[in-house]
């Protein structure tokens, strides 16, 4: 679904920005109590090449992307809608970055 769909239903757009510096899986979006996450846009940048994978709460992989060095990727994702109330979105990179991998997520909580 598009941003217009969620906006027309009165949901407020949100932006989450995180930097991933190690190999551990980190939560990149924690929804408010009683809410579900809908991600409508993703932007990822880093200095080194590698992969990044995104997961719903419970380790269900949403997507995995290859990052080229010194490039920003902005894949067209449509929307990722969590079916778990209060379930977060997680990310994991395959290389430990000294400068970090920068992740920006746009979407809604419903």
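The values are calculated or read from the model by the stated rules, or taken from the named source; none is laboratory data. Note that the structure is predicted; figures quoted are calculated from it, not measured. Every residue, glycine among them, receives a Cβ derived from its backbone with ideal geometry; neighbour counts consider all protein chains shown.
Below is a table of values for the structure above.
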{"read-out": "Strands (runs of 3 or more DSSP E) fully within segment 42-110 counting 1 or more residues that are at pLDDT 95 or above, touching a helix residue (DSSP H, G or I) at 6+ places or on another chain (Cβ under 8 Å) and closer than 22 Å to residue 12 by Cα", "value": "101-109"}
{"read-out": "Complete set of residues in segment 46-55 that are touching a strand residue (DSSP E or B) at 6+ places or on another chain (Cβ under 6 Å), on the phi < 0 side of the Ramachandran plot and surrounded by 16 or more Cβ atoms within 10 Å (Cβ to Cβ)", "value": "46, 52, 54, 55"}
{"read-out": "Test: residue in segment 26-33 that is surrounded by fewer than 13 Cβ atoms within 10 Å (Cβ to Cβ) and in contact (Cβ under 8 Å) with a residue 24 or more places away in the chain", "value": "yes"}
{"read-out": "Only one of 15, 37 that is in contact (Cβ under 8 Å) with a residue 12 or more places away in the chain, surrounded by 14 or more Cβ atoms within 10 Å (Cβ to Cβ) and in contact with a strand residue (DSSP E or B) (Cβ under 7 Å, 6 or more places away or on another chain)", "value": "37"}
{"read-out": "Residue 15 vs. criteria at pLDDT 95 or above and within 18 Å of residue 3 (Cβ to Cβ)", "value": "yes"}
{"read-out": "Filtered residues of segment 21-41 (kept if touching a helix residue (DSSP H, G or I) at 6+ places or on another chain (Cβ under 9 Å) and under 8 Å from residue 86 (Cα atoms))", "value": "none"}
{"read-out": "Residue match in segment 7-26 (condition: part of a loop (DSSP other than H, G, I, E, B) and at positive phi)", "value": "yes"}
